[in-house]
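Student: Below is one structure. I have some questions about it.
The values are calculated or read from the model by the stated rules, or taken from the named source; none is laboratory data. This is a predicted model, so every value here is computed, not measured. No Cβ is skipped: glycine too gets one built from the backbone with ideal geometry, and neighbour counts run over all protein chains shown.
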Amino acid sequence: MNFNELAAEITIFLTPFLPFLAKGGESMAKELGQRFGQTVFDKAKSIWNTIESASEDSTFKHATMALVENPQSTPFQLALTTALVSYLEKRPEEAAKITILMAEGEAIQSILVDRKGEVGNILQELKKTGRQDVIVKGKANDITQKQ
């Protein structure tokens, strides 16, 4: 099992949910359930509940809270990924459980181009059922989606 890849996938998947998962709040939970779908939100909660004991680690806690405040920050994403690698290496049974949770359900692929962002020559290919989103507020060309 590659803990680096799993930790990176967990970070990417959980980032939109971290404000609720890390801070809580019923109104936010309802909003996230509507925005992402209840199944996906329940999956995020299950993964968070599996790694929640890592929140006792100050590195994990700081990385999580920094990412809550700035979810687009690559350094903060990397900091959480690094903290998760350390956590997963010490708990391979939980890594196996999370691997199964990550594989369940529909796939979601999203591309967001915002502000002055520019992308081109993108191919989104989904090999199982799920959702593909392309949200463009900047410049985009040659985007192909296959399912």
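Student: With the requirement that a residue be part of a helix (DSSP H, G or I) and at pLDDT below 85, what does the range 86-106 give you?
Tutor: Scanning the range 86-106 gives a single hit, 103.
Student: Residue 28 is checked against (1) at pLDDT below 80; (2) among the hydrophobic types (A, V, I, L, M, F, W, C); (3) within 24 Å of residue 99 (Cβ to Cβ) and fails just one. What number does that condition carry?
Tutor: Here residue 28 clears every test but (3).
Student: Select from the range 59-85 the residues that are in contact (Cβ under 8 Å) with a residue 24 or more places away in the chain and either small (Gly, Ala, Ser) or outside any helix (DSSP H, G or I) (or both) and write down the one among them that is surrounded by the most Cβ atoms within 10 Å (Cβ to Cβ).
Tutor: Per the stated criteria, the residue is 83.
Student: OK, next. Determine which member of the set 109, 132, 145 is under 18 Å from residue 11 (Cα atoms), modelled with pLDDT under 90 and surrounded by 12 or more Cβ atoms within 10 Å (Cβ to Cβ).
Tutor: Criteria check complete, one pass: 109.
Student: Can you find, within the range 1-25, the residue that is nearest to residue 103 (Cα to Cα) among those that are modelled with pLDDT under 80 and either of a type outside the set (D, E, K, R) or surrounded by 13 or more Cβ atoms within 10 Å (Cβ to Cβ) (or both)?
Tutor: This residue is 1.
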